[in-house]
1. Order these peptides, 132-141, 410-419, by their mean beta-carbon neighbour count within 10 angstrom, highest first.
2. Mind listing the long-range amide H neighbours of residue 404? Cut-off is under 5 Å, sequence gap 5 or more, other chains count too, H placed in the peptide plane at 1.01 Å from N.
3. If I model a spin label at residue 6 and residue 370 as a point 7 Å from the Cα along the Cα→Cβ vector, what separation in nanometres do I get?
4. Please compute the contact order of segment 103-258 in relative form: average sequence separation of alpha-carbon pairs under 8 Å and at least six residues apart, divided by the residue count, as a percent.
5. Would you grab the residues whose amide H sits under 5 Å from the one on residue 136? Only those 5+ places off in sequence or on another chain, please, with H modelled 1.01 Å from N.
6. Using alpha carbons only, how many angstrom separate the centre of segment 367-415 from the centre of segment 46-107?
7. List every residue whose amide H lies under 5 Å from the amide H of residue 357, counting only residues 5 or more places away in sequence or on a different chain, with H placed 1.01 Å from N in the peptide plane.
8. For segment 141-235, give the magnitude of the charge dipole about the Cα centre (Cβ charges: +1 Lys/Arg, -1 Asp/Glu; no others), in debye to the nearest 20.
Amino acid sequence: VTESVENLSMLIDGAMVSSDTFSDVINPATGEVVYRVPDCSREELDVAMNAAQRAYREWRVDDDRRREILRACAKALENSVDELARVQTLEQGMPLAASVQGIQGSAANFDRYADLEIPVVTVKDDDEALIQVVRRPLGVVAAIKPWNVPIGQAVGVIAPALRAGCTVVLKPSEYTPAATLVLGEILRDVIPTGVLNIVSGSGEVGSWMVEHPIPRGISFTGSVATGKKVNAMAAPDLKRVLLELGGNDAAIVLDDVDPDVLAERIFWTAFRNSGQICMATKRVYVPEALHDPIVASLARIASAVKVGDGMEESTELGPLCNSMQYERVKGLVADAIKDGATVAAGGNAIDSSGYFFEPTILANAHEGMRIVDEEQFGPALPILTYKTLDEVIDRANATNFGLGASVWSSDTGRAAEVAALLESGNAWVNTHSQQHPNAPFGGAKWSGVGSQNGLYSIFAYTDPQTTWTSRRALTAGA
Ligand code: NDP
């Protein structure tokens, strides 16, 4: 720990606010402290909530102004890509190029929500009445986000919630609060006082946010276990919830694929961001006859990947984001090996002061192994075999997760028939992990409640309001 570690501040009621106590932010590539961030107190959270509540009265009124301000946010973000990307990589570990690309995408996201047309549905328009359905903002939205893609997660709620007319109090993960606090400082110049507030702290602050009487909407992304707690805490106050939770996405490979082509296409859908993506491929089902060639091909790719500090240009995969996740992945891989999986590539932690783990392919995996039944959220992929399509569809669906699933085949029609039977919010053919800005992204079963992206996010941060104007004149004798 050096004296030069920077203390960051929270954005509360338009001011950059420090605190009495701080937490360290660790660089997962080195184990060193890179930033210190304030621990938000209950009193500071109250100030943030009240500021958001006050700002809401004016913010909800003028949609044209909101669109202008979102465009200004896009510009401010574009101008800060390099600075923000560096902070995000230092705290999260992802390769700098991926960090830059993600933040450019977030800037574009602000513009996209500024451009979005929010429809007003006319139900009746005649001599008797004008009846329309408009979207009414929920009010203050409390947003609680995870550590895998901090800026993407933050802008993914800020842009649509602000456009919808809500104001926001946001808490990033305690593992990766730095980039989001810097984002607050950047957006402070363009967003009116109180409209956006960013606080830092642990899960306790998250629970204060959910239980706080002011927010009317909760936007939560994180694990299933915490998502369930959040849902239960929000229920007594009937707060609206948007829950984007974990996944254990199956990829089903049909018998007509070329193993090398398949491996090339599927590999990065599982390993991008070191597997720390909710809708990554997390288990692969292959026909028995294709198991060995697919495993060999995936192992070749995995062994050639350059793992390293995300700040180095040649790095393709960074470390796991934090010691908790690093220990978890180590444990899942060790258990899989103990339970009979064959290591085709990787299998070990990399000896260093950071949280590095070799890209790992586990052959001959089966249900009952924790790495198959649970979400690994790391750079280790189990390969399982199947005999019949009915059987593999049942096995893919035999989980409480339901975020995504994919089917791979040279016959896309046949693959689509299988995909139609998968119990998941996203069903891909010959791809995985992809999202479209106008297509709903959400989970079935325990993977979430509600959807986001484009109008679906606007719907999540609004309720419908029916406006009814009678056309019978109020003048006497009419
Ligand atoms: P967690 O559920 O542990 O944490 C998510 C956020 O909730 C953090 O900000 C955390 O704070 C906060 N939190 C923790 N406890 C509480 C509580 N009791 N009340 C309110 N808030 C609380 O998830 P991770 O950060 O570990 O993220 C990984 C998980 O997120 C994976 O399961 C992954 O699949 C999922 N995810 C889902 C996505 C989706 O869109 N479906 C996208 C990305 C990730 P703190 O960190 O300070 O504890």
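1. Final packing ranking: 132-141, 410-419.
2. 248, 249, 425, 426
3. With each label placed 7 Å out from Cα toward Cβ, I get 3.8 nm.
4. The normalised contact order for segment 103-258 reaches 21 percent.
5. 463, 465
6. Going from one Cα centre to the other spans 36 Å.
7. For residue 357, the qualifying residues are 320, 350.
8. On the way: 7 positive and 5 negative charges, 55 e Å.
Using Cβ point charges on Lys, Arg, Asp and Glu, segment 141-235 gives about 260 debye.
Rule-based calculations on the coordinates, nothing more; no lab input. This structure is a prediction, so every number in the text was calculated from the model and none was measured. Cβ atoms come from the backbone with ideal geometry, glycine included; neighbour counts cover every protein chain shown.
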